[in-house]
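Asker: Please find one structure pasted underneath; my questions will follow.
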Amino acid sequence: MAYEKIAMRGRIGSLNLKNRVVMPAMGVSLAQQNGEANEHIIRYYEERAKGGVGLIITEICRVEPVYGTAIPNQLGAYEMGQIPHLERLAERVHKYGTKIFLQLQHPGRENKSSMIGGRQIVAPSPVMCKVTQEMPRELTTDEVQDLVKAFIRGAVFAKIAGFDGVELHAAHGYLLNEFLSPYTNKRTDRYGGSFENRIRIMEEMITGIRFMCGPKFVISVRISADEFVEGGLKLEDGVKIARTLESFGIDVINVSSGIYETSTTIVEPASFAQGWRRHLGTAVKKAVSIPVIAANNIKDPDVAEELLETGVCDFVALGRANLADPNWVKKTLSGRADEINKCIGCLYCFGSLSEGGHIKCAVNPKCGREVEYANVVKNGNGRKVAIIGGGPAGMQAALTLSERGFAPVLFEKEDHLGGQLCVAERPLLKEKLGAYKESLIARINKDRNIEVRLSCAADAAAVKAIDPVGVFIATGGTPIIPKIPGIDGANVVTAEDILLGRAKASGKVAVIGGGITGLETAETLGDQGCQVTLVEMMKDVGKGLYKSVLVDMMMRYQKMGIQIKTCERLMSIGEKDVTLMSTVTSQLSKLEADTVVIALGVCPVNQLVDEFYDTFDNVFVLGDANRSGRIVDAVFDANGLGSTFLADE
């Protein structure tokens, strides 16, 4: 596909954009604690500009530091000393012909007092967010007017720093959205009550920014066109807001959806289809004459092209897709779309932020660490390295080592690459993981430095024949099978057996293990009509999953009637039931089960490790072959060790 719509130049206000791809604002927490743009956040955005994005909208930028801090290391535009650092950011992005907006934001009630020095959080009205669960203090009228001035000042700072425009974040339940929505705005002064009063804060900000920054400085507003909450903004309200904002003189509207209480509609888990929000952008675009940017959970260029072709929006917003692959645009427009490193929708990126860390990506170990990996030593000089295992760890190691100039030889015992990804892509709604696997394989097959030997179970002798300077063992893991009575019964299978189609289940099924594999296998069986009970010995299921991913899955569990038993240990297996013991009371109980599915994780396949250690000097064990973990652990292991191997020669 030519992707003519993606490649088409576009116009927003006075700006000409080189293509129709926008990287929307996402919190990254890479700046200095005082709000200055440092080399880490500059390099992060520079990589996306280098990768071809037409417009970058920065992470949420605080306009006042007392109540307005939302993440630990957040950009700021409230002190003069921040301007030179913002200037460096704008200059570095502009080098590649990419435009940049500074997104101005205040978290309002969607915040924690711990983030603002123990102070009570503030909002238009004392309405508690059900997620953060802290009661906000209502802002006084004078404080609201001070905030208007703070946003205007932030825009002035952005213009001085050379930014092409600003975006006012009036979406996702943050402060400006809270003023717009009757769900959160219960005020009785000039900023509450009627629609005209609720939107007054936006009118004053936009008017002030236009007066101070001039007619050519672009103003964007991001809105939640539908909050998806009872009593909140619905699509007809979002359309009215967009039309009114246009009358205030903004240049572009950025359409999103949701608030924290409907967070899966803001940042979608893997189960959400690409383009599911198309009705929002379509409705807004029909109502306004200014350009429309729209987020639509896009991973694939074909989806982006179709949304532009059918008039859903004028510009496509690609957030997490640009985290997973900063070269998404460049690959799309150069005929290499199959090589795009695909976002898998796991939300590891947001989990990292919610734990107080900086932005990270499960499938792109360089995300948020662009400075660290900026000058990786390329001293391979064509020397061979052996990689045993063609799963995610093995393939990532091969790609990293090839980039450094080594000549990886990848040994895989099966007749195909993919390893555990071939299992992980099989559960219900895991198509994005399959797309990631295929993109890895495409890059491996196109890399002239990498030699792949399929159906080749390598031992030390076979590897020695290529005379490698290093050996990377990525042989993965094998399912853990507990030694309990009945484990060898004909009614006992592994999750892997179910997912790969080697075994079937029907009737009443007990899935043992509440990790990600057990959860997904239970859901897959529930979708097939089985009566499923998931058993977990810990008090919670889904360890390591981002909360909204787990919530999304539990909603589907409820529809399927899947039962969950926690704090229960499997003791024995009979022909038609299993015996469980409570880890709290030690009481025994029976659970009827026609089939028992074991999903207790994997143990390393590393029988050859000692043999390799005895034969070679430089041996490294990666991913599940080293310790049981997730995809992110395998990918980070492989990239880290591959980047430092012989780098100090």
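The values are calculated or read from the model by the stated rules, or taken from the named source; none is laboratory data. Quantities reported herein were computed from a predicted structural model and do not represent experimental measurements. Positions of Cβ are generated from backbone atoms using ideal geometry, with glycine treated the same way; all protein chains shown enter the neighbour counts.
Asker: From the list ILE290, ILE266, pick out the single residue that is within 17 Å of ILE57 (Cα to Cα) and of a type in the set (Val, Ile, Thr).
Answerer: Just a single option satisfies the conditions, and that option is ILE266.
Asker: To continue, here is another question. For the stretch 589-624: of the residues being of a type in the set (A, V, I, L, M) and under 14 Å from ALA386 (Cβ atoms), which is surrounded by the most Cβ atoms within 10 Å (Cβ to Cβ)?
Answerer: Among those residues, the one meeting the criterion is LEU622.
Asker: Would you mention how many residues in the stretch 69-118 are in a loop (DSSP other than H, G, I, E, B) and closer than 24 Å to TYR174 by Cβ?
Answerer: Selection size over the stretch 69-118: 19.
Asker: Please work out which residue is nearest to the chain's Cα centre (by Cα), limiting yourself to the stretch 39-97 and to residues that are under 13 Å from ALA161 (Cα atoms) and of a type in the set (D, E, K, R).
Answerer: ARG92
Asker: If a residue has to be farther than 23 Å from HIS106 by Cα and either outside any loop (DSSP other than H, G, I, E, B) or among the basic types (Lys, Arg) (or both) to count, how many in the stretch 41-68 make the cut?
Answerer: Step one: of the stretch 41-68, the residues farther than 23 Å from HIS106 by Cα are 43, 46-54.
Right, trim to either outside any loop (DSSP other than H, G, I, E, B) or among the basic types (Lys, Arg) (or both) and you get 43, 46-50.
Number satisfying all stated conditions: 6.
Asker: Of GLY394, GLY311, GLY351, which residue is in a loop (DSSP other than H, G, I, E, B) and among the small types (Gly, Ala, Ser)?
Answerer: Matching residue, one of GLY394, GLY311, GLY351: GLY311.
Asker: Looking only at strands (runs of 3 or more DSSP E) that fall completely inside the stretch 518-581, which ones have 2 or more residues that are surrounded by fewer than 20 Cβ atoms within 10 Å (Cβ to Cβ)?
Answerer: 563-566, 568-573
Asker: Continuing with the same structure: From the list PHE163, PHE151, exactly one residue is of a type in the set (Phe, Trp, Tyr) and assigned to a helix (DSSP H, G or I). Which is it?
Answerer: PHE151
Asker: Among the numbered criteria (1) hydrophobic (A, V, I, L, M, F, W, C); (2) assigned by TED's automatic domain parsing to the domain that holds GLY275; (3) under 22 Å from ALA171 (Cα atoms), which single criterion is violated by CYS343?
Answerer: For CYS343, the failing item is (3).
Asker: So in the stretch 625-643, with the set limited to residues that are among the polar types (S, T, N, Q) and at pLDDT 95 or above, which one is surrounded by the most Cβ atoms within 10 Å (Cβ to Cβ)?
Answerer: Checked the stretch 625-643; the qualifying residue surrounded by the most Cβ atoms within 10 Å (Cβ to Cβ) is ASN639.
Asker: Also, I was wondering about something else. Out of LEU433, LEU410, report the one residue that is out of contact with any Gly (no Cβ under 8 Å at 6 or more places or on another chain) and either part of a helix (DSSP H, G or I) or buried (at least 21 other Cβ atoms within 10 Å of the Cβ) (or both).
Answerer: LEU433
Asker: CYS349 - would you say it is more than 30 Å from ALA462 (Cβ to Cβ), buried (at least 24 other Cβ atoms within 10 Å of the Cβ) and touching a strand residue (DSSP E or B) at 6+ places or on another chain (Cβ under 6 Å)?
Answerer: For CYS349, the condition - more than 30 Å from ALA462 (Cβ to Cβ), buried (at least 24 other Cβ atoms within 10 Å of the Cβ) and touching a strand residue (DSSP E or B) at 6+ places or on another chain (Cβ under 6 Å) - is met.
Asker: Now, a different point. If a residue must be touching a Gly at 6+ places or on another chain (Cβ under 7 Å) and part of a strand (DSSP E or B), how many such residues does the stretch 204-251 contain?
Answerer: So the count comes out to 5.
Asker: Within the stretch 307-314, is even one residue under 28 Å from ARG443 (Cα atoms) and touching a residue at least 12 places away in the same chain (Cβ under 8 Å)?
Answerer: Yes, the stretch 307-314 has at least one match.
Asker: Just to verify a result, which residue in the stretch 315-335, among those that are in a loop (DSSP other than H, G, I, E, B) and either in contact (Cβ under 8 Å) with a residue 12 or more places away in the chain or touching a His at 6+ places or on another chain (Cβ under 9 Å) (or both), is nearest to LEU440 (Cα to Cα)?
Answerer: For the stretch 315-335, the residue satisfying everything is ASP325.
Asker: Scanning for something touching a Cys at 6+ places or on another chain (Cβ under 6 Å) and part of a strand (DSSP E or B), does the stretch 500-509 turn up at least one residue?
Answerer: The answer is yes; a qualifying residue exists.
Asker: A further question follows. Condition check: over 15 Å from the mean Cα position of the chain (by Cα) and either within 15 Å of ARG20 (Cβ to Cβ) or not hydroxyl-bearing (Ser, Thr, Tyr) (or both). Does ASP302 satisfy that?
Answerer: yes
Asker: Would you check if VAL28 is among the β-branched types (Val, Ile, Thr), within 26 Å of the chain's Cα centre (by Cα) and in a loop (DSSP other than H, G, I, E, B)? Write out each step before concluding.
Answerer: Details: among the β-branched types (Val, Ile, Thr): yes; within 26 Å of the chain's Cα centre (by Cα): yes; in a loop (DSSP other than H, G, I, E, B): yes.
Spelling it out, VAL28 is indeed among the β-branched types (Val, Ile, Thr), within 26 Å of the chain's Cα centre (by Cα) and in a loop (DSSP other than H, G, I, E, B).
Asker: Does the stretch 466-476 contain any residue that is among the aliphatic types (A, V, I, L, M), surrounded by fewer than 24 Cβ atoms within 10 Å (Cβ to Cβ), over 25 Å from GLU496 (Cα atoms) and at pLDDT 95 or above?
Answerer: Looking through the stretch 466-476, at least one residue is among the aliphatic types (A, V, I, L, M), surrounded by fewer than 24 Cβ atoms within 10 Å (Cβ to Cβ), over 25 Å from GLU496 (Cα atoms) and at pLDDT 95 or above.
Asker: Another question about this same structure. Looking only at the stretch 498-519, which residues are out of contact with any Lys or Arg (no Cβ under 7 Å at 6 or more places or on another chain) and either more than 19 Å from GLU575 (Cα to Cα) or assigned by TED's automatic domain parsing to the domain that holds VAL423 (or both)?
Answerer: GLY501, ARG502, GLY513, GLY514, ILE516, THR517, GLY518, LEU519
Asker: Looking at VAL602, is it under 31 Å from the mean Cα position of the chain (by Cα) and not aromatic (Phe, Trp, Tyr)?
Answerer: Yes; evaluated as a whole, the condition is true for this residue.
Asker: Among the residues of the stretch 160-202, write down those that are farther than 21 Å from LEU235 by Cα, surrounded by fewer than 21 Cβ atoms within 10 Å (Cβ to Cβ) and out of contact with any Pro (no Cβ under 9 Å at 6 or more places or on another chain).
Answerer: Correct list: ILE160, GLY162, THR188, ASP189, ARG190.
Asker: Given the residues GLY232, GLY258, which is the only one that is touching a helix residue (DSSP H, G or I) at 6+ places or on another chain (Cβ under 9 Å), at positive phi, surrounded by 21 or more Cβ atoms within 10 Å (Cβ to Cβ) and modelled with pLDDT of 95 or more?
Answerer: Within the list GLY232, GLY258, the selection yields GLY258.
Asker: Related question: Can ILE480 be described as hydrophobic (A, V, I, L, M, F, W, C) and surrounded by fewer than 18 Cβ atoms within 10 Å (Cβ to Cβ)?
Answerer: For ILE480, the condition - hydrophobic (A, V, I, L, M, F, W, C) and surrounded by fewer than 18 Cβ atoms within 10 Å (Cβ to Cβ) - is met.
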